[in-house]
Amino acid sequence: FFSSRRRHTRLQGDWSSDVCSSDLGFKSCCQTGRCGADACDASACGETWGGCCIDWLGGFRYVNLTEQAGLTFTCCTTEPVGPFTSSYNVQTSNNLFGGQFGGRASRTWRNWAVEGWAKAGVFANVQHQSQDPILDPLNPGVPARTARSASGVEPAMLADLNLSVVYRINRVFGLRVGYNALWVGNVALAPNQWDLGANDNSGTGLAGNGGLFLNGVNFGIDACW
């Protein structure tokens with residue numbers, strides 16, 4: 001005769017990302033409207049239906065991408081002496097420095113305008129990953145594996161797209177709504193660093209070839225003078 005007792009194990013994961021970006025650059029202003037003024041500013045030359053223009057963009061850009069991903073193991077929830085819980089957390093940071101180039105286009109009709117830009121760049125990515133100690137669920141506070149980390153520098157790429165509609169309230173202020181898409185390639189993502197091995201070199205590698213795509217809508221007020 002054999003008897004057994006069922007054991008239930010629950011695994012819960014979480015993953016969060018934070019992106020910050022800033023750029024400093026230049027643009028070429030189109031000055032070849034139908035009336036000899038800035039074609040992007042219909043009111044500057046008194047045209048009823050406005051004009052259109054394309055500007056070239058370029059300059060320096062910095063992007064910071066930080067992530068955290070964790071796994072929580074809960075074992076033996078049906079045991080009278082349980083449950084046992086253990087956590088495994090990984091943090092990554094990416095600091096991208098480099099140049100970008102692109103263009104911006106605008107078309108105006110009276111008080112309305114459609115605008116968009118496309119920018120891309122090549123960057124040096126300073127990467128880092130760190131892993132918290134893995135605690136022994138049977139001995140609370142005792143690490144089953146010590147903390148691990150790794151750093152490196154890799155090339156990375158970025159593409160940035162925007163399409164917006166603007167309603168000009170007057171010559172200065174306008175209401176804006178649009179769509180943004182951002183892709184970053186060759187970055188260190190937190191889940192890609194997961195390594196639950198027990199060897200001395202487990203968790204000391206750096207997987208920096210991940211990609212992240214972000215997109216969403218934006219609303220706001222802009223001002224120009």
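Every number in this text was worked out from the coordinates using simple rules, so none of it is lab data. Only a predicted model underlies this, so the values are computations on that prediction, with no experimental measurement involved. Using ideal geometry, Cβ is built from the backbone for each residue, glycine included, and neighbour counts are taken over all protein chains shown.
Treat each spin label as a single point 7 Å out from the Cα along the C-beta direction, and report the A181 to L212 distance in nm.
1.9
Around G185, what is the net charge, scoring Lys/Arg as +1 and Asp/Glu as -1 over all other residues with Cβ under 13 Å from its Cβ?
Values: positive: none; negative: E154, D160.
Result for the neighbourhood of G185: -2.
R0 = 30 Å: FRET efficiency of F219 with S22, Cβ-based, nearest 0.05? If you can, show how the numbers build up before the last one.
Details: r = 21 Å, r/R0 = 0.70.
It comes out at approximately 0.90.
Any chance you could list P(r) for the range 78-188, counting all Cα-Cα pairs in 10 angstrom bins from zero, rounded to whole %?
Result, from short to long distances: 12, 23, 19, 17, 14, 10, 5, 0 percent.
Whose amide H sits under 5 Å from the amide H of D195, counting only residues 5 or more places off or on another chain, with H placed in the peptide plane?
none
Could you give the length gained by full extension between A120 and F97, i.e. 0.36 nm per residue of separation minus their alpha carbon distance, to one decimal place? Write down the numbers at each step before the final one.
Details: separation 23, 0.36 × 23 = 8.28 nm, distance 1.29 nm.
In short, 7.0 nm is gained.
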